[in-house]
Amino acid sequence: MALIVGCAKPTFRTFYKPIIFDDQRKQLSIEYLQVRHGIKQDNAVIKPVMVVLHWTAIPSLEKTFDAFNNPTLPEARKAISTAGTLNVSSQYLIDRDGTIFRLMPDSIFARHVIGLNYCAIGVENVGSESAPLTKKQLLANENLVRYLKTKYPIEYVIGHYEYRQFIGTGLWKESDPNYLTEKTDPGKSFMKRIRNRLKDLNLKGAPEKK
Ligand SMILES: [Zn+2]
């Protein structure tokens, strides 16, 4: 089923390919919001002010969907499971050919970036260090960010590798100061290119490193 997402310009397609969002995932999301981000609420709704761009480091759309689909983390991800058993996911997933899939409503909590999930919409792109993101993905990310900016008061667009620069700012909410991971996605050159294309939106990047 194709959902035509229209904003002033351009119009583009998003396909809805929902991952499981059952009561267990909802409860684990509410728990994560409280325990990790210190936000107590009885639903898993977020108020987005940021879009975080990623690459999957998983070689295909199908395998990425399978990795995100279960509500709980698989055994293999022990390193981050101490911070909660909620599985990782993102609201959007973009294939190599630029097709945009919405995996869950963009106002619902997804675990994709430490310290900032509560205010950030995640956009995953099928790609990796050895398979840099494509021109079609660049265009799709641009369209998607422009659309999200019409829907929410988005102030920031960042690459996942920049997330630690928010430590010490008012936006950073993570209860364990030692819970940090090293990230390189979605690559510096991709962020440079997307920022060039989005210049007119005057979005902020991550604060400068001190
Ligand atoms: Zn990432």
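The values are calculated or read from the model by the stated rules, or taken from the named source; none is laboratory data. No experiment lies behind these values; they were computed from the predicted model shown. Because the Cβ atoms are built from the backbone with ideal geometry, glycine has one as well, and the counts that use them run over all protein chains shown. SASA here: full protein model, heavy atoms, side chains in, ligands and nucleic acids out. Shrake-Rupley method; radii C 1.70, N 1.55, O 1.52, S 1.80 Å.
Being more than 14 Å from the ligand (Cβ to nearest atom), in contact with a Cys (Cβ under 9 Å, 6 or more places away or on another chain) and part of a loop (DSSP other than H, G, I, E, B): is that true of Lys173 here?
yes
Just checking, which of Arg102, Arg96, Arg13 is over 24 Å from Thr181 (Cα atoms), more than 14 Å from the ligand (Cβ to nearest atom) and loosely packed, with under 15 Cβ neighbours inside 10 Å?
Selected residue: Arg13, the only one of Arg102, Arg96, Arg13 that is over 24 Å from Thr181 (Cα atoms), more than 14 Å from the ligand (Cβ to nearest atom) and loosely packed, with under 15 Cβ neighbours inside 10 Å.
For Leu203, only one of the following conditions fails: (1) within 16 Å of the ligand (Cβ to nearest atom); (2) buried (at least 18 other Cβ atoms within 10 Å of the Cβ). What is its number?
(1)
Hey, among the residues in the range 46-58 that are within 15 Å of the ligand (Cβ to nearest atom) and not in a strand (DSSP E or B), which one's most open to solvent (accessible area, probe 1.4 Å)?
Ala57
State yes or no: is Asn125 surrounded by 15 or more Cβ atoms within 10 Å (Cβ to Cβ), within 13 Å of the ligand (Cβ to nearest atom) and polar (S, T, N, Q)? Steps first, please.
Details: surrounded by 15 or more Cβ atoms within 10 Å (Cβ to Cβ): yes; within 13 Å of the ligand (Cβ to nearest atom): yes; polar (S, T, N, Q): yes.
Considered against the rule, which asks whether it is surrounded by 15 or more Cβ atoms within 10 Å (Cβ to Cβ), within 13 Å of the ligand (Cβ to nearest atom) and polar (S, T, N, Q), Asn125 comes out as yes.
So which residues in the range 74-92 are surrounded by fewer than 20 Cβ atoms within 10 Å (Cβ to Cβ) and either touching a strand residue (DSSP E or B) at 6+ places or on another chain (Cβ under 7 Å) or in a loop (DSSP other than H, G, I, E, B) (or both), if there are any at all? Don't jump to the end; show me each part of the working.
We begin by selecting, within the range 74-92, every residue surrounded by fewer than 20 Cβ atoms within 10 Å (Cβ to Cβ); these are 74-85, 88.
Within the range 74-92, Pro74, Thr82, Ala83, Gly84, Thr85, Val88 qualify.
Out of (1) closer than 19 Å to Arg36 by Cα; (2) of a type in the set (Val, Ile, Thr); (3) within 12 Å of the ligand (Cβ to nearest atom); (4) open to solvent by 10 Å² or more (accessible area, probe 1.4 Å), what's the single condition that is false for Val113?
Every condition holds for Val113 apart from (4).
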